[in-house]
Amino acid sequence: MGAGIRSAQRAATRARLFEEAVEEFKRSGFAETEIATITDRVGVTRGAFYVHFAGKDEVLRELLLIEERHIAASAAVVSERAVPLEAVLGAVVDAILKAERRLGRRLVRDLCAGQFRPEVAQRHDIGSHPVGLMLIDAIEDRSTAIDAVDLAMTFLTGLFGLLAIDEAPQAVRRRRIDLLVQIASQATTSSPRLSTGAGHATDGRSAGTAP
């Protein structure tokens, strides 16, 4: 068997494991998912899973990055139209809720809750998030009244927090999210710009922990 065929087979196995892990996250929730269940469904050994992933946390992080790229791209299209910041933040929310309809509320809750685990927050800052980077650019393009990193991080922390813990009915939860959008939008005009603190990198895109 040639190296190219073996490489293709490994890639196919990894893709099947990833897809089945995501489906199992949807069915059972991240915490309750067992790696043995994933490998049984794919028809490979448990060891084969660890050839491709360090654990189920890596699958969740990879899924988050994929989804963030889609969300950032969708919101960036709106941002390029020179609309107010509120419209850009609203586009982020709309794209996340669209992903939630596709992935299920349970999985999106697990994705958002995962951002608050210390082992994740300590390794990543907002510059590791495609949505965060897109928002920083959008804020900087529209206002100098507030630090763009601070506002992007505060907005995403609040949004991820609401999506991670809020079990309220959809209409109530949407009202709370819309209020967060309004508050964040008003901050660009009503708050004086604060000087960057010690937690900021020189490029202004790191603020210690990620949302």
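Annotations for the structure displayed:
- In a residue-by-residue description of the range 5-28, the property of being modelled with pLDDT under 95, over 19 Å from ARG117 (Cα atoms) and not in a helix (DSSP H, G or I) applies to no position.
- Top-ranked residue of the range 136-150 - restricted to ones that are crowded, with 17+ Cβ neighbours inside 10 Å and not in a helix (DSSP H, G or I), ranked as nearest to the chain's Cα centre (by Cα): ASP147
- Residue within the range 78-94 that is in a helix (DSSP H, G or I), hydroxyl-bearing (Ser, Thr, Tyr), outside the structural domain of GLY29 (by TED's automatic domain parsing) and closer than 16 Å to ARG61 by Cα present: no
- Here ALA91 passes the criteria (1) over 14 Å from the mean Cα position of the chain (by Cα); (2) closer than 22 Å to GLN186 by Cα; (3) surrounded by fewer than 19 Cβ atoms within 10 Å (Cβ to Cβ) except the one numbered (3).
- Selection of the range 29-53 for residues being within 24 Å of ALA99 (Cβ to Cβ), exposed (fewer than 14 other Cβ atoms within 10 Å of the Cβ) and without any contact (Cβ under 8 Å) to a residue 24 or more places away in the chain yields only GLU32.
- Within the set LEU133, LEU159, LEU97, LEU179, the sole residue that is in a helix (DSSP H, G or I) and either in contact with a Cys (Cβ under 9 Å, 6 or more places away or on another chain) or buried (at least 22 other Cβ atoms within 10 Å of the Cβ) (or both) turns out to be LEU159.
The values are calculated or read from the model by the stated rules, or taken from the named source; none is laboratory data. On a predicted model such as this, the values are computed, not experimentally measured, just so you know. Cβ coordinates were reconstructed from backbone atoms using ideal geometry, including for glycine residues, and neighbour counts include every protein chain displayed.
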